[in-house]
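Participant: Below you will find the structure I want to go over with you.
The values are calculated or read from the model by the stated rules, or taken from the named source; none is laboratory data. These figures come from a predicted structure and were not determined experimentally. Note that each Cβ is placed from the backbone with ideal geometry, even for glycine, and that neighbours are counted across all protein chains shown. Side chains included, ligands, DNA and RNA excluded: accessible areas come from the protein's heavy atoms. Shrake-Rupley method; radii C 1.70, N 1.55, O 1.52, S 1.80 Å.
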Amino acid sequence: MPRDPRFDILFEPVKIGPVIAPNRFWQVPHCTGMGFALPATLAAMRAVKAEGRWGVVNTEYCSIHPSSDDTPAPYASLWDAGDIANMAAMTGAVHEHGALAGVELWHGGWRSGNVLSREAPLGPESMLAETVPWQSQRMDRQDIKALRDWHRAAAIRAKAADFDVVYVYAAHTYLLTQFLDPSTNPRADDYGGDFAARSRLVRELVEETRDAVGDRCAVAIRIEVTDEDGTGAEERARLLADLAPFVDVFDVTIPDYGTEMGPSRFVREAALEDHVAHVRAATGKPVVAVGRFTSPDTMLGQVRRGVLDFIGAARPSIADPFLPAKIREGRLEDIRECIGCNICYAHDGLGAPIRCTQNPTMGEEWRRGWHPERVPALKRSEEPVLIVGAGPAGLEAALTLGRRGATVLLAEASDEPGGRVSREARLPGLAEWARVRDWRVSQLRQMANVSLYPASPMSVEDVLATEARHVMVATGSLWRADGRGRSHARPVPSFAEARTITPDQLLDGRRPSGGPVVIFDDEGYHIAAGLADLLAGEGHEVTYVTPFGAVADWTSYTVEQARLQARLIERGVKIITSHVVSGLAPGEALLACAYSGGPSRLPCGTFVPVTSREPQDGLWQALKDRGLATLARIGDARAPGLIAHAVHDGHRFAREFLSPEAQGVKRERVILGGQGDGWTVS
């Protein structure tokens, strides 16, 4: 289908300093969980985005010196010649597809604990470094001069690595922000005090970066439009105007990372517009900003109305690396939209390569050789494959097998596909999660070789009656009612009574018959907090109990925790942390302190345990030894996890089906080889 000419403006080349961006799609610097340790993994992932028509593809934050060490968080680095070689692998891969490559030069200041380098953290003041119990070194003039030298040297290395865009990074509470903001810069010298002094270091680094690389590279700055407390907008606007002669692109944001990186539960698309719309007029230079843009019409509106010159994206480029290509080719229905779950960001926080609920190939481009738009054709495709269960694993397996050319029979017991995705999308704010189901169903409808059979529960006899010799069981999992989980390895006998309701029952429409409702969150992700929000919003009296120290503790990785806890407080939910529900008594729940074991009681008319899930693998068990050529259990039926796990599992089994050669996994690591008196590293 030809592209709608309305979108032509998005594919116009844009000159930025000495280089030309091929279009207006700008993959902003974003964390990857790969960093300097996995350069081949990183280069392959960025290359796929360039292939997908992102016009500018940037690194994650890139350390300029060992005093900016964010370990255990993975980060890129440009410390030496070895880093130049590794980063050149990325720029070469990006350039191969006609895109520009950008690098974000970074110093963490006191946000970096330097646990690997053992350098003293630096800052405008001596303050506690983030996440560790030691402090930064108060920078004197010599330290500031050294920083400027390190930054210039890193910019020159970036040029040597063949980057086209070099960032000065003055956002997200890192070192330059620590100097800019009055709350973190109490200095009385000419790098502190009034705004002109506090911004002096930023001005110097911008000018010196321009001088170092401006003949070959565009200079960008990532900077917030206000101080950390939301004030200072006029001063910041004047600073941006003053920097404009030295800056080719302004990548602007706000201090509230919970909005910039906001999950869809709380933050909608294009959330930064009102904050950044003035920057283009103030600077007269191209502007980029993020907004979790998934709608081509929203993107078009940002450019046409003069809000942005470039559509900035991190998460949408992860969910669909080929988003620009699909707009370019008029295939809007094929765009795999980001759902805003922030599982990508969570895994960087866990120190692992990012992954994506929507895009199971993310992070697997080099390791497994996966591509988001291509799968290898089956060598033998005559025999049909039966998939039982059309939840996230079953849908993804059917889609991938269909693309490989297999004839697929997809049987779903309920009236509609989706499984747990349909349930969880009913929680407050999670409607966009249904995109996991809807996109796959829409793709399957275009495939003549895939047939979906709703309202088709399958017994052993039903499976055998299809005469399919290849069967994948994707029957999911259900929340346990017996309390087994982190706190109770065995069932709690008193939980087995009529007032106990499981999360699945609640999300399928059952409601408490009496109150108060006690929700026991022994899992720590979002389900229990979401149910508390749902029931309190319906007028139920709710008490939330967890052995963790905060509501939905694991959601700190997905940038949801603080807002979830605030939401429950606003709803009037009683929150009891550091406690376990040890049992039920008539009209009460019995609690025990997670640390001392001290007992307590609270009123309980309905009990909702959110503890762990039971894999629904009975059909798989029963089909063993029934003569099938292939029998696999996939997704939650194999090992309950995140929706992202289920999608990845379905994709993996479908790729590896009848293809032993696809089962290999490469490892990227340092290998030492002894030669004579020393060692070489390869």
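Participant: For segment 399-490, taking Cα atoms only, what is the radius of gyration to one decimal and the Dmax to the nearest whole Å?
Facilitator: When restricted to the Cα atoms of segment 399-490, Rg and Dmax are 16.2, 48 Å.
Participant: For segment 221-315, divide the Cα radius of gyration by the Kirkwood radius and give the resulting Rg/Rh value with two decimals.
Facilitator: Taking Rg over the Kirkwood Rh, I get 0.95.
Participant: Remind me, what semi-axes does segment 8-101 give for its equivalent ellipsoid, largest first in whole Å, using sqrt of 5 times each Cα gyration tensor eigenvalue? Each step should come with its number before you reach the end.
Facilitator: Numbers: eigenvalues 129, 33, 29 Å².
Largest first, segment 8-101 gives 25, 13, 12 Å.
Participant: Then there's this: Taking only Cα atoms, what is the 0 to 90° angle, nearest 10, from helix 233-243's long axis to the longest principal axis of the chain?
Facilitator: 60 degrees
Participant: What is the log10 of I(q)/I(0) for segment 48-141, computed with the Debye formula using one identical point scatterer on each Cα and no solvent, at q = 0.20, 0.22 Å⁻¹?
Facilitator: Scattering profile of segment 48-141, log10 relative to I(0): -0.89, -0.98.
Participant: Sorted by packing (mean other beta-carbon atoms within 10 Å per residue), highest first, where do 10-20, 459-469 land?
Facilitator: Ranked from most to least packed, the peptides come out as 10-20, 459-469.
Participant: Whole angstrom only: what separates the Cα centroid of segment 181-201 from the Cα centroid of segment 436-492?
Facilitator: First find each Cα centre; the distance between them is then 60 Å.
Participant: Express the carbon and sulfur contribution to the solvent-accessible surface of the chain as a percent, rounded to the nearest whole number, probe 1.4 angstrom.
Facilitator: For the chain, the apolar C and S fraction of the accessible surface comes to 52 percent.
Participant: With a Cα-only, solvent-free Debye model of segment 455-528, what are the log10 I(q)/I(0) values at q = 0.15, 0.26 Å⁻¹?
Facilitator: -0.71, -1.33
Participant: Can you tell me which of 531-542, 633-644 comes out highest on packing, and rank the rest after it, using the mean Cβ neighbours within 10 Å? Spell out each step's value before the answer.
Facilitator: Details: 531-542: 19.2, 633-644: 22.8.
So the order, starting with the most tightly packed, is 633-644, 531-542.
Participant: Let me ask another. Using just the C-alpha positions of the chain as equal point scatterers, what log10 of I(q)/I(0) does the Debye formula give at each q in 0.10 1/Å?
Facilitator: Here the Debye-derived log intensity ratios amount to -1.03.
Participant: Same structure, new question: Taking Rh as the Kirkwood radius, which is the inverse of the mean 1/r over Cα pairs, what is the Rg/Rh value for segment 531-682?
Facilitator: 1.17
Participant: Please quote Rg/Rh for segment 358-402 to two decimal places, taking the Kirkwood radius as Rh and restricting both calculations to Cα atoms.
Facilitator: Values: Rg = 12.1 Å, Rh = 12.1 Å.
Result for segment 358-402 is an Rg/Rh of 1.00.
Participant: Next up: Give me the accessible area per residue for the chain, probe 1.4 Å, as a whole number in Å².
Facilitator: Ligands and nucleic acids excluded, the figure is 38 Å² per residue.
Participant: Projected area of segment 579-625, taken from the Cα convex hull and averaged over every viewing direction, in nm²? Let's see the in-between values first.
Facilitator: On the way: hull surface 21.0 nm².
Averaged projected hull area, Cα only: 5.3 nm².
Participant: What does the convex hull of the alpha-carbon atoms of segment 30-187 project to on average, in nm²?
Facilitator: Taking a quarter of the hull surface, the average projection is 8.7 nm².
Participant: Relative to the longest principal axis of the chain, what angle (0 to 90°, nearest 10) does the C-alpha long axis of helix 561-571 take?
Facilitator: 60 degrees
Participant: While we're here: In whole angstrom, how long is each semi-axis of the equivalent ellipsoid of segment 597-664, when you take the square root of 5 times every eigenvalue of its Cα gyration tensor and sort them from largest down?
Facilitator: Largest first, segment 597-664 gives 38, 17, 9 Å.
Participant: Once you order the gyration tensor axes a ≥ b ≥ c over the Cα atoms, which shape class does segment 285-421 get: rounded for a/c under 1.5, otherwise prolate or oblate by comparing a/b with b/c?
Facilitator: Prolate.
Participant: With n ≥ 4 as the cut-off for DSSP H runs, can you work out [θ] at 222 nm for the chain, using -39500 (n - 2.57) per run divided by the number of residues, rounded to the nearest 500?
Facilitator: Value at 222 nm, helices only, nearest 500: -8500 deg cm²/dmol.
Participant: Could I ask something else about it? Taking θ = phi - 60°, what integer Hz values does the Karplus form 6.51 cos²θ - 1.76 cosθ + 1.60 yield along segment 350-360, in sequence order, with x for Gly and Pro?
Facilitator: Each residue of segment 350-360 in turn: 7, x, 10, x, 4, 9, 9, 5, 7, 10, x Hz.
Participant: I would also like to ask the following. Past the 13 angstrom mark, what percentage of all C-alpha to C-alpha distances in segment 51-105 do you count?
Facilitator: Cα-Cα pairs of segment 51-105 separated by over 13 Å account for 61 percent.
Participant: Okay, moving on. Return the whole-Å distance between the Cα centroid of segment 606-677 and the Cα centroid of segment 343-418.
Facilitator: Computed from Cα coordinates, the inter-centre distance equals 12 Å.
Participant: Further question: In whole Hz, what ³J(HN,Hα) sequence does segment 158-163 give by Karplus (6.51, -1.76, 1.60; θ = phi - 60°), x for Gly and Pro?
Facilitator: Running phi through 6.51 cos²θ - 1.76 cosθ + 1.60 with θ = phi - 60° gives 4, 5, 5, 7, 6, 6 Hz.
Participant: Also, I was wondering about something else. What ³J(HN,Hα) values, in whole Hz, does the Karplus curve 6.51 cos²θ - 1.76 cosθ + 1.60 give for segment 42-59 when θ = phi - 60°, with x put for Gly and Pro?
Facilitator: 5, 4, 5, 5, 5, 5, 5, 5, 5, 4, x, 6, 5, x, 10, 10, 9, 6
Participant: Could you compute Rg(Cα) / (2.2 N^0.38 Å) for segment 262-316, with N its residue count?
Facilitator: Details: Rg = 10.9 Å, N = 55, 2.2 N^0.38 = 10.1 Å.
That works out to 1.08 for segment 262-316.
Participant: Under 5 Å between amide hydrogens, which residues at least 5 positions from L122 or on another chain qualify, with H placed 1.01 Å from N in the peptide plane?
Facilitator: Under 5 Å from the amide H of L122 lie the amide H atoms of G109, W110, Q137, each far enough along the sequence or on another chain.
Participant: Between S477 and residues 5 or more places away or on another chain, which pairs have amide H atoms under 5 Å apart, with H built 1.01 Å from N, and which residues are they?
Facilitator: Amide H neighbours of S477: Q616.
Participant: More than 22 angstrom separation, counting every C-alpha pair in segment 155-287; what % is that?
Facilitator: On the way: 3366 of 8778 pairs.
Of all Cα-Cα pairs in segment 155-287, 38 percent lie more than 22 Å apart.
Participant: Could you bin all the Cα-Cα distances of segment 17-57 into 10 Å bins starting at 0 and give me the percent of pairs in each, rounded to whole numbers?
Facilitator: 27, 49, 23, 1
Participant: Another one. Kirkwood Rh, segment 456-600, all Cα pairs: how many Å?
Facilitator: Value: 16.9 Å, from the Cα pair sum.
Participant: Now a separate question. How big is the gap, in Å, between the Cα center of segment 113-163 and the Cα center of segment 72-99?
Facilitator: Here the two parts' Cα centres lie 20 Å apart.
Participant: Note down the relative contact order for segment 233-392 as a percent, whole number, built from C-alpha pairs under 8 angstrom at least six residues apart.
Facilitator: Numbers: 198 pairs, mean separation 25.4, N = 160.
That works out to 16 percent.
Participant: Next question, about the same structure. Check which residues have an amide H placed less than 5 Å from V14's amide H, if you skip close sequence neighbours.
Facilitator: Close amide H contacts, sequence-distant or interchain: A21, N23.
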